[in-house]
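The values are calculated or read from the model by the stated rules, or taken from the named source; none is laboratory data. Remember, predicted model here, so these are calculated numbers, not experimental data. Heads up, the Cβs are rebuilt from the backbone with ideal geometry, glycines too, and the neighbour counts pull from every protein chain shown. To get the accessible areas, we keep the full protein, side chains included, count just its heavy atoms, and leave off ligands, DNA and RNA. Shrake-Rupley method; radii C 1.70, N 1.55, O 1.52, S 1.80 Å.
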Amino acid sequence: MLRKEVNELLTQTDPETPMGDMFRQYWIPALLASELPEDDCPPTRVKLLGERLIAFRDSKGRYGLMDEFCAHRGVSLWFGRNEEGGLRCPYHGWKYDYQGNCVEVPSEPEESGFCEKIKLRAYPLIKVGDILWTHMGDKENRPPEPEWEFATVPAEQTYTSKRWQECNWLQAMEGGIDSSHVSFLHSGSLKSDPLFRGAKGNQYNQNDKKPVFEVVEADGGLYIGARRMAEDGHYYWRITPWVMPSFTMVPPRGDHPMHGHFWIPIDDHNCWAWSFDYHPTRALTTDERQAMIDGWGVHNQYVPGTFRPRQNKDNDYLMDRDAQKRGESYSGIWGIAMQDASLQESMGPIVDRTKENLVSTDNGIIMARHRLRKAVTALRDKGTPPPGRTTDHQMVRSAARVLPPDQPFKDAMKDDLTVRPGVKQTSV
Amino acid sequence: MAGLHDLFFDPNHPTLLSGCARAATAEEAAFRVQYPNSTTRSSRIFALDPAAAEAMYAITEDPWNNAHFLTVTATGVTASTRADDLPLCHPDGSAATLESEIRDADVVVLLATTGDSEGAAEVIARECFNRNIMCAGLALGGGQDQPGVDRVVNSMRRFARVLVVANDTDYIPAMLTALRA
Ligand code: FES
Ligand SMILES: [Fe+2]
């Protein structure tokens with residue numbers, strides 16, 4: 001249960017909201033780099049934290065992200081002409097550079113300097129890995145550029161996708177740290193998904209349906225450990241890291257690539273679910289990459305030409321009751337990503353957390369909300385920068401390992417849970 | 001584009017918008033009937049050592065639903081101490097017995113700050129395990145007395161379904177509120 005005012009505090013991210021200010025402390029994924037594939041390519045619209053923005057890549061390859069609407073009479077610059085080092089509004093020809101500066105107002109004499117009075121709100125857009133990142137907060141407080149491992153390994157080792165999810169970011173993110181649903185919702189996929197199946201660890205999952213949880217606070221967020229019985233009284237541990245505000249990783253299986261997510265608010269009723277897959281030490285195979293493109297694992301299929309999942313609420317996510325009956329799929333929905341998204345969207349745009357009946361195994365979620373609340377109030381009341389902005393907090397990995405019963409995972413797996421360049425993930 | 005029609009047209013799911021459970025607007029999707037969906041739980045919170053008791057006493061006066069706050073009063077409890085012999089008291093100092101406290105409990109939470117209470121943790125957690133009561137352990141001060149906290153965590157690990165290692169005592173009320181204690 002969460003009181004109404006706390007639920008509002010954590011879920012509202014428009015400008016001038018406390019949680020909105022907190023998201024504006026970080027570099028967040030804004031676009032796939034492939035959405036702006038070349039200089040002077042068509043601009044693209046993106047909404048982030050309640051702000052409607054236009055992104056473009058100018059003639060010199062500089063990325064711009066700014067207010068979508070022309071300062072003259074409010075036309076969407078998506079209709080603009082991207083040419084000669086700027087984006088020109090097609091209505092009366094006002095032109096903007098990649099920093100939102102108006103550089104030309106054709107109706108006014110050039111010498112008047114009128115255009116210098118016009119500037120659209122603009123944010124930096126930088127390419128790290130396959131992603132264009134933005135920081136929507138004050139320039140003076142700009143954190144170091146992102147160094148997440150999935151974005152910094154060589155291109156052939158990593159793959160990222162994004163999809164539109166039609167609910168608030170927090171309930172989507174909470175799914176990423178809700179380890180207790182995996183034994184139910186995704187049970188069918190462990191056997192069939194090409195990016196999951198065949199790992200030795202899967203047997204421990206199948207044999208022990210009642211995992212025990214250990215939630216450990218970390219400087220940048222949390223580690224959520226799920227423990228199942230292995231051989232000889234040993235424990236099979238799966239550790240999910242969460243880094244504030246909304247980065248989660250799934251514990252790996254065998255030598256499969258490891259995956260995780262960013263959950264980024266579009267507005268209070270929608271979010272971007274970013275999903276990545278990477279291997280720290282080898283290239284993804286052709287089959288693996290194709291499986292990701294085909295929507296397996298944490299990825300999904302699309303309505304052509306959009307980032308909306310092919311399975312969505314207008315078609316009941318292509319629910320297959322027969323597959324559910326046959327035991328192939330616990331919920332009847334195809335694919336891990338949409339199994340999660342369908343249920344999270346079913347909660348409504350912002351779930352009413354006053355009606356929840358949480359149990360002790362929900363402690364990962366309870367702790368994450370507690371940490372977010374503390375960070376958001378410390379920022380609001382004292383200006384304290386929140387955790388998760390710095391490289392040391394971002395150097396995390398998920399891990400899976402069999403340990404003797406008397407070893408706390410947080411000590412025994414310290415190295416496994418840390419990025420070690422050139423060292424393979426710890427996995428079973 | 002022929003494929004799209006096959007994809008989206010499903011004769012079993014005519015689109016009737018608000019005529020079915022697929023809410024058509026955000027308001028509709030967010031709406032919940034305000035009937036209660038649960039009855040009051042009985043939560044029992046045990047502070048296993050003096051520092052844990054101090055942290056617990058800071059919040060026992062808050063309005064809780066049906067939570068009982070208990071303190072293990074003697075040190076020297078070992079894993080072989082009988083459940084009946086576990087020395088417990090209420091916040092007002094009156095004595096309590098483990099049996100009467102957990103007989104009707106739905107949720108048990110153990111609070112510990114040091115490793116000195118291994119024995120008591122085990123006695124209570126074992127009793128919960130035998131009675132099929134969900135037992136959660138909360139080790140406080142993850143940053144400080146590290147070896148001590150590890151000892152508590154290790155002792156509870158065999159019995160508790162959930163263990164939390166929290167840095168600050170402010171997690172106690174946060175967790176109890178979330179659990180409707
Ligand atoms: S069983 Fe968890 S939401 Fe219904
Ligand atoms: Fe999931």
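Quick look at the numbers
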| quantity | calculated |
| --- | --- |
| Flag for residue A:148 being away from ligand 2 (no atom under 16 Å from the Cβ) and open to solvent by 50 Å² or more (accessible area, probe 1.4 Å) | no |
| Matching residues, the range A:154-189, being more than 14 Å from ligand 2 (Cβ to nearest atom) and small (Gly, Ala, Ser) | A:155, A:161 |
| First in the range A:358-381 and more than 7 Å from every other protein chain (Cβ to nearest Cβ) and under 15 Å from residue A:12 (Cβ atoms), second anywhere and open to solvent by 20 Å² or more (accessible area, probe 1.4 Å) and of a type in the set (A, V, I, L, M, F, W, C), Cβ under 7 Å, 6 or more apart | A:369/A:2; A:373/A:9; A:376/A:9 |
| Single residue of the range A:158-187 satisfying the filter (open to solvent by 20 Å² or more (accessible area, probe 1.4 Å) and more than 14 Å from every other protein chain (Cβ to nearest Cβ)) that is farthest from ligand 1 (Cβ to nearest atom) | A:159 |
| Among residues of the range A:370-393, those that are in a helix (DSSP H, G or I) and crowded, with 22+ Cβ neighbours inside 10 Å, counted | 5 |
| Any pair with Cβ under 8 angstrom, 6 or more apart, that starts in the range A:417-428 at a residue that is outside any loop (DSSP other than H, G, I, E, B) and ends at one that is open to solvent by 30 Å² or more (accessible area, probe 1.4 Å) and not β-branched (Val, Ile, Thr) | A:418/A:395 |
| First in the range B:123-138 and within 11 Å of another protein chain (Cβ to nearest Cβ), second anywhere and open to solvent by 10 Å² or more (accessible area, probe 1.4 Å), Cβ under 6 Å, 6 or more apart | B:133/B:105; B:134/B:107; B:134/B:161 |
| Unmet criterion (only one of (1) within 16 Å of ligand 1 (Cβ to nearest atom); (2) open to solvent by less than 20 Å² (accessible area, probe 1.4 Å); (3) more than 14 Å from chain B (Cβ to nearest Cβ)) for residue A:134 | (1) |
| Qualifying residue in the range A:168-182 (condition: over 20 Å from the mean Cα position of the chain (by Cα) and not in a helix (DSSP H, G or I)) | no |
| Residue match in the range A:302-325 (condition: more than 8 Å from every other protein chain (Cβ to nearest Cβ), within 16 Å of ligand 1 (Cβ to nearest atom) and among the acidic types (Asp, Glu)) | no |
